[in-house]
Each structure stands twice: as structure tokens, then as C-alpha cells.
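Take a look at the structure below.
The values are calculated or read from the model by the stated rules, or taken from the named source; none is laboratory data. The structure presented is a predicted model; accordingly, all values stated were derived computationally and were not measured. Heads up, the Cβs are rebuilt from the backbone with ideal geometry, glycines too, and the neighbour counts pull from every protein chain shown.
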Amino acid sequence: MDKQQHEQGWAVPTTTTGYTPINQQQVQYPADIYPPTLTIPEHDKIYPVDPEGQQQPEPSNRKKRIFSVLVILSVCINALLMFLWLLLISETSFPWWIYPLGACSTTLCIVYVCFFVPNKKFLLCHAAIFLNLNAIIVLTYIFKFTTYPWFVHILAPTAGALVLHYILDKHFSLPSEARLSLGKILLHAYTFAFFVPFNIMMFITWTATSPHSPWVLFPFFGTSIPLSILYVIGHYKDNPHAWFIGHTLCTSQINLLMLFSWSIGGAGFPWFIFPIAIFSAILLAHYLLHFHRTRLTPHLVRFEKATGIPAQAISNKWANDENAACTSSTTCDTDVTQTELIHVSSTQVREKELEKETGLFVNGYGSVSHAQV
């Protein structure tokens, strides 16, 4: 290509795979450079461009030949094995040829992905292994049918692993500014890779073994408690009431589990009221210390003086955590703050008396420190 053609806008060599036009437009090679009787060299070809604008190299003829040979060998081997099985067939003969057929199918899928698919090779290979493996397992269950669906114990965990692979692949394929937070990624991974497959497996096992006893509720509630915690972390991370919301959800689920346990056990003596009362009392204490800390501060100081238990230190720690969350959050609950400020003036007289009795300084917002001399 001479200097005049270069100045007219013809393609210029930029890489070893082809030419890129100067004016960023598709350029056709003129007949005077490559006549019809000549073959265009491999390094001068312009390969098709995918929708994302990235130039993808055309698969080589060597890869196509290798894949074609593998397909022919697989067909011949599996046809021979099926013919042998037909010769040796009996009334109780198991179709063992499905196992070499599955192995050949898995190998062909992996080779095809590695040779001809440009993106997401590992995810597609994982999907191919999952489909072929579970197809063999389900066919084995069909030909050797039993009343218990044992194949779900293989199908459910492998499906969860594939979903987890998909979630992580989709997350890391996005730019850093468009990725989800760590809390939401953990929530999605736990929900779709563990919670859903595990409970489906438990439900199928329950229906096939002992549907008269609802024991399936125990693993359901047991796995839903971490789900509630991850939901709060993923969607209420910057909310100043996140800990109280998570505590409320977990307490509700535990109390329901106690109630179901009592009903399953024969509904005799209502023993469930004792753990429900304990967990509800703890939740009530959390509510009072979280939303009415200013009113409780003088009482906590008296309680600490009488018993030696650092109740005010615990309250101050919760106050610092809430103030930090409220400072970093753009959706802070202003109504709660105003309510706390209203109670400041009503407790100032009691705070002054408390300072004389205990030697502690109370600033009216729940923060207590030793008075400085």
C-alpha cells in the first residue's frame, strides 16, 4: 500500500490480525490491490465485529477439524456401545450406555465452548457439566425407579453451585462503580444458591418420606433466620434502626418456631410461653434503650450504682453506634431525634440532682462521663 492510498483513507496496518480504516469506517479492498484471482493473505483480512464493537478472531480451520473428528468418534463409539447393549439385552438389563454417552456429550460441550465461544468460557463449561451430570442422574433414577427421589440430593447442591457461579461472574463482569454492595451480593448468593435449593430439597424429601409430620418447618425457619440478617445488612445498612429491625425479625421467627414445635409435639402444656416471654422481654429492652434512651439514662445510672453492672456503658455504646449510623445516613429519622430533644428539658432537674449524688456528669443526650474537678 503506497503513500497515496494511505492519504486517501485506505486501511492501515495496526495489528497482526488485519487493517483498521483511518476514518473508522468499514473499508473494502479494491480490485487493483487484490484481484479476484489472488487470495487475500490471512493477516490482511478484516474479521466480523461483534455487537459490542470488539473484533473477534475467526476460529481456525485446525480447531474445526479437531472438533469434527471428535464428533465423528463420539457418534461411532456410542453407536457401537448401543449395538452391543442390544445384543446382550435381557429383561432386567440396565441401559449402561448412558454413562459413556454422557461422558462424550460433556467432552464435546467443553471442547465446543473452548474452541468457538469467545466469552464466559468457565461459566458455560460449568453449565454444560451440570446439565450432562444431572441428565445422567435423572435417567439412572428413571431406569432404576425407586420410591425415594434420591437424585434431588445431587441436583440441588449442583444447581446452587451453578447459581453462585453465575452471580459472581455477573458481579465481577460489571465495572466497579456499577457493582452491588457486599451485603446485597451475600444476600443474593445465600438466597438463590443455598436457601432456595436447600428448602426445595427438604420439601421433596419430606413429601416422599413422612408428609404426616411437618418436620420440614424446622430447616425452613433455621435457614430463614440468617436470610433475615443478610436482608437487613443488604437493604438497611445505613439505617440507624438496622439492628433493631434485624432483632425484631429474628425474634419473630424464633417465636413462631417455638409455637410450631409446641403444636407438633401434641399441644400439651404450653411451655412455649416461657422462651417467647424471654425473647420478647429482650426485644422490649432493646426497643426502650434504642428509642427512649434519654428517659432511661438516670435510671441506668442508679441501677449501675446499686448493682455494679455497667448498664450505662452498654447504653452509651448503642448511642454511639446509632449516632455514627445516623451521621453516615441520608435517611436519618428526624422524628426520633426531635422526640429525644423534647425530653431534655424535662430531665434537666433530675440530672442536676443526679450529678450531686453520683459525681457523674449527664449531658441530656444519654452520654455520661465522670465529672472533672
Residue check, Pro214 closer than 27 Å to Leu283 by Cβ, touching a residue at least 40 places away in the same chain (Cβ under 8 Å) and exposed (fewer than 15 other Cβ atoms within 10 Å of the Cβ): yes
I'm trying to understand the selection: among the residues of segment 230-248, which are touching a Leu at 6+ places or on another chain (Cβ under 9 Å) and surrounded by fewer than 18 Cβ atoms within 10 Å (Cβ to Cβ)? Ile233, His235, Thr248
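For segment 150-167, enumerate the residues that are of a type in the set (A, V, I, L, M, F, W, C) and assigned to a helix (DSSP H, G or I).
Of everything in segment 150-167, those that are of a type in the set (A, V, I, L, M, F, W, C) and assigned to a helix (DSSP H, G or I) turn out to be Val152, Ile154, Leu155, Ala156, Ala159, Ala161, Leu162, Val163, Leu164, Ile167.
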Among the residues that make up segment 223-241, is at least one of them within 20 Å of the chain's Cα centre (by Cα) and farther than 28 Å from Leu289 by Cα? yes
Could you go through segment 78-87 and let me know if any residue there is under 30 Å from Phe172 (Cα atoms), assigned to a helix (DSSP H, G or I) and either among the charged types (D, E, K, R) or in contact (Cβ under 8 Å) with a residue 12 or more places away in the chain (or both). no
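Residue under question is Phe192, and the condition is that it be surrounded by fewer than 16 Cβ atoms within 10 Å (Cβ to Cβ) and hydrophobic (A, V, I, L, M, F, W, C); does it hold? So that I can check it myself, show each step before the final result.
Values: surrounded by fewer than 16 Cβ atoms within 10 Å (Cβ to Cβ): no; hydrophobic (A, V, I, L, M, F, W, C): yes.
No: the conditions fail for Phe192.
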Got at least one residue in segment 121-131 being touching a His at 6+ places or on another chain (Cβ under 7 Å), in a helix (DSSP H, G or I), modelled with pLDDT of 90 or more and of a type outside the set (Ser, Thr, Tyr)? yes
